[in-house]
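Chemist: One structure follows; several queries about it will come next.
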Amino acid sequence: MENNYYPFINLPLPYNYDAMEPFIDTQTMQLHHDRHLRTYIDNLNNVLENHPKLQTLSLETLIKNSYKYPCSIQNSIRNNAGGVYNHRFFFDILANPSSEFPYGKLRTAIYDAFENYPRFKELFKQAALSVFGSGYAWLVKDNTTLRIITTTNQNTPIASGYIPILVIDVWEHAYYLKHYNKRADYIDNWFHIINWEKAEQNFTNVHTYL
Ligand code: MN
């Protein structure tokens, strides 16, 4: 991953703010990237500023090792490094137009694990709806099998040893302006803009996120 060490910067999105219309609105994309993600980046840089030893660690290492840090900064690093990682992953896995369906090795793995794509969608949607409060639903690789998991706040699957393939952000800031409180509608729209090419890369080139 690019820009993976202190000082972190908020790289531009790899597409325009209006690229996900009509599924995710322009203003939401702008606020989500320029304010929400930016805040996590600024906060992470601020914490690391006073801890030179931690400045040499990659974003993933910061997350995986966060339990080792002094209590005074442990939560802050976990929340803010997690916020950076999760948002980058979320923005990275969007594409419009999208191929709409998984393909390649990931398609085979999805059919092996969940019978078929409609069934996968149903289970993934249930998981995303089940997140109480703020968090994410993920498709992850757990050793050799696929699993659907959820994380709360800015916790990440990599802290638990999973390899992330796909993610949907179900914090209200990700959908409230367009979908109000209807998370289910947002999830239905999100299925139209999954970057399956990237998901396939995440699945096959697993070293990227190790
Ligand atoms: Mn978010």
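The values are calculated or read from the model by the stated rules, or taken from the named source; none is laboratory data. All of these numbers come straight from a predicted model, not from anything done at the bench. All Cβ positions, glycine included, derive from the backbone under ideal geometry; neighbour counts span all protein chains shown.
Chemist: So, in segment 40-90, of the ones that are β-branched (Val, Ile, Thr), surrounded by 14 or more Cβ atoms within 10 Å (Cβ to Cβ) and without any contact (Cβ under 8 Å) to a residue 60 or more places away in the chain, which residue ends up farthest from Asn4 (Cα to Cα)?
Modeler: Ile73
Chemist: For segment 179-200, how many residues are modelled with pLDDT of 95 or more, part of a helix (DSSP H, G or I) and over 21 Å from Gly83 (Cα atoms)? Spell out the reasoning first.
Modeler: Residues of segment 179-200 modelled with pLDDT of 95 or more: 182-200.
Filter again for part of a helix (DSSP H, G or I), leaving 183-193, 196-200.
Among the residues that remain, those that are also over 21 Å from Gly83 (Cα atoms) are: 184-185, 188-189, 191-193, 196-197, 200.
Looking only at that region, the number is 10.
Chemist: Mind checking which residues of segment 26-39 are within 18 Å of the chain's Cα centre (by Cα), surrounded by 13 or more Cβ atoms within 10 Å (Cβ to Cβ) and not aliphatic (A, V, I, L, M)?
Modeler: Thr28, Gln30, His32, His33, Asp34, His36, Arg38, Thr39 - these are the residues of segment 26-39 that are within 18 Å of the chain's Cα centre (by Cα), surrounded by 13 or more Cβ atoms within 10 Å (Cβ to Cβ) and not aliphatic (A, V, I, L, M).
Chemist: If you go through segment 125-135 one residue at a time, do you hit one that is of a type outside the set (A, V, I, L, M) and in contact with a Lys or Arg (Cβ under 7 Å, 6 or more places away or on another chain)? Walk me through it before giving the result.
Modeler: Here is the first cut: in segment 125-135, the residues of a type outside the set (A, V, I, L, M) are 125-126, 130, 132-135.
Restricting the remaining residues to those that are in contact with a Lys or Arg (Cβ under 7 Å, 6 or more places away or on another chain) gives none.
Scanning segment 125-135, I find no residue that is of a type outside the set (A, V, I, L, M) and in contact with a Lys or Arg (Cβ under 7 Å, 6 or more places away or on another chain), so the answer is no.
Chemist: In segment 7-39, what count of residues is obtained for those that are farther than 30 Å from Leu57 by Cβ and either touching an Asp or Glu at 6+ places or on another chain (Cβ under 6 Å) or more than 11 Å from the ligand (Cβ to nearest atom) (or both)?
Modeler: We begin by selecting, within segment 7-39, every residue farther than 30 Å from Leu57 by Cβ; these are 16-28, 30.
Add one more test, that the residue is either touching an Asp or Glu at 6+ places or on another chain (Cβ under 6 Å) or more than 11 Å from the ligand (Cβ to nearest atom) (or both), and what stays is 16-27, 30.
Summing the residues that are farther than 30 Å from Leu57 by Cβ and either touching an Asp or Glu at 6+ places or on another chain (Cβ under 6 Å) or more than 11 Å from the ligand (Cβ to nearest atom) (or both) in segment 7-39 gives 13.
Chemist: Return the pair list, or none, for Cβ contacts closer than 6 Å from residues in segment 175-190 that are in contact (Cβ under 8 Å) with a residue 40 or more places away in the chain and among the β-branched types (Val, Ile, Thr) to residues that are part of a helix (DSSP H, G or I) and surrounded by 13 or more Cβ atoms within 10 Å (Cβ to Cβ), at least 6 apart or on different chains.
Modeler: Every condition considered, the pairs that remain are Ile187/Lys125; Ile187/Ala128.
Chemist: Consider Leu13 carefully, then state whether it is crowded, with 18+ Cβ neighbours inside 10 Å and part of a helix (DSSP H, G or I).
Modeler: Criteria not met by Leu13.
Chemist: Check segment 138-146 and report whether any residue there is crowded, with 19+ Cβ neighbours inside 10 Å and over 15 Å from Phe203 (Cβ atoms).
Modeler: Scanning segment 138-146, I find no residue that is crowded, with 19+ Cβ neighbours inside 10 Å and over 15 Å from Phe203 (Cβ atoms), so the answer is no.
Chemist: Just name the residue that is farthest from Pro22 (Cα to Cα) out of those in segment 177-190 that are of a type outside the set (Val, Ile, Thr) and surrounded by 19 or more Cβ atoms within 10 Å (Cβ to Cβ).
Modeler: It comes out as Arg183.
Chemist: Quick check on my filter: what residues within segment 34-87 are β-branched (Val, Ile, Thr) and over 23 Å from Trp138 (Cβ atoms)?
Modeler: Within segment 34-87, Val47, Thr56, Ile73 meet the criteria.
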